[in-house]
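Undergrad: Sharing a structure with you now.
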Amino acid sequence: MKKIEAIIQPFKLEEVKEALKGIGVDGMTIIEVRGHGRQKGHKEVYRGQEYQVDLLPKVKIELVVSDARVDEIVATLAAAARSGKIGDGKIFILPVENAIRIRNDDHGEAAL
């Protein structure tokens, strides 16, 4: 099993959710986060004063999936989240040792 963590632009969330639903991905966790990558934020003007916005709003999507589906899910997620502009985000893939469904004590991929 693998955990896929994707940090994407907030305006791409619905498109990503629909794309994942289209390939049969049911469960995901979505978290509103703030951060920056290489772009280091941007400058804005408010009431005549210029200030640096260095933590930009992003959305983090977390999924735990079987090893066999990782490449398909990552490709779908990346295609749906891509705008071609700086700040599109990142995808991280991590190993998952075990998963347990609390309701009925299913373990491993049966818990997904």
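The values are calculated or read from the model by the stated rules, or taken from the named source; none is laboratory data. On a predicted model such as this, the values are computed, not experimentally measured, just so you know. A quick note on method: Cβ atoms are made from the backbone with ideal geometry, for glycine too, and the neighbour counts reach across all protein chains shown.
Undergrad: I'd like the full set of residues that are among the β-branched types (V, I, T) and under 17 Å from the mean Cα position of the chain (by Cα), limited to region 1-57.
TA: As a first pass, look at region 1-57 and keep what is among the β-branched types (V, I, T): 4, 7-8, 16, 23, 25, 29-31, 33, 45, 53.
Hits for region 1-57 are I4, I7, I8, V16, I23, V25, T29, I30, I31, V33.
Undergrad: Among the residues of region 1-34, count how many are of a type in the set (D, E, K, R) and at pLDDT below 95.
TA: Restricting attention to region 1-34, the residues satisfying the condition of being of a type in the set (D, E, K, R) are 2-3, 5, 12, 14-15, 17-18, 21, 26, 32, 34.
Subsequent filtering for residues that are at pLDDT below 95 retains 26, 34.
The total comes to 2.
Undergrad: Hey, could you check region 59-78 for residues that are without any contact (Cβ under 8 Å) to a residue 60 or more places away in the chain and in a strand (DSSP E or B) and say which is nearest to H107 (Cα to Cα)?
TA: Applying the filter and picking the extreme gives E62.
Undergrad: If I ask for residues that are in a strand (DSSP E or B), within 22 Å of G22 (Cα to Cα) and among the hydrophobic types (A, V, I, L, M, F, W, C), which ones from region 79-107 would you list?
TA: Of the residues in region 79-107, the ones in a strand (DSSP E or B) are 89-95, 100, 107.
Then keep just the ones that are within 22 Å of G22 (Cα to Cα); that gives 89-93.
Residues satisfying the conditions are I91, F92, I93.
Undergrad: With the checklist (1) among the β-branched types (V, I, T); (2) exposed (fewer than 11 other Cβ atoms within 10 Å of the Cβ); (3) modelled with pLDDT of 95 or more in hand, flag the one item V74 doesn't pass.
TA: (2)
Undergrad: Out of region 40-55, which residues are of a type outside the set (A, V, I, L, M, F, W, C), in contact with a strand residue (DSSP E or B) (Cβ under 8 Å, 6 or more places away or on another chain) and in a loop (DSSP other than H, G, I, E, B)?
TA: Residues of region 40-55 of a type outside the set (A, V, I, L, M, F, W, C): 40-44, 46-52, 54.
Subsequent filtering for residues that are in contact with a strand residue (DSSP E or B) (Cβ under 8 Å, 6 or more places away or on another chain) retains 41-44, 50-52.
Within region 40-55, just G41 meets the criteria.
Undergrad: OK, next. Mind listing whichever residues of region 16-36 are assigned to a helix (DSSP H, G or I), touching a strand residue (DSSP E or B) at 6+ places or on another chain (Cβ under 9 Å) and touching a residue at least 40 places away in the same chain (Cβ under 8 Å)?
TA: Narrowing region 16-36 to residues assigned to a helix (DSSP H, G or I): 16-22.
Keeping just the survivors that are touching a strand residue (DSSP E or B) at 6+ places or on another chain (Cβ under 9 Å) gives 16-17, 20.
If the condition is that a residue be assigned to a helix (DSSP H, G or I), touching a strand residue (DSSP E or B) at 6+ places or on another chain (Cβ under 9 Å) and touching a residue at least 40 places away in the same chain (Cβ under 8 Å), then V16, L20 are the ones that fit.
Undergrad: Looking only at region 17-59, filter to residues that are over 23 Å from A75 (Cα atoms) and among the basic types (K, R); which one of those is surrounded by the fewest Cβ atoms within 10 Å (Cβ to Cβ)?
TA: R47
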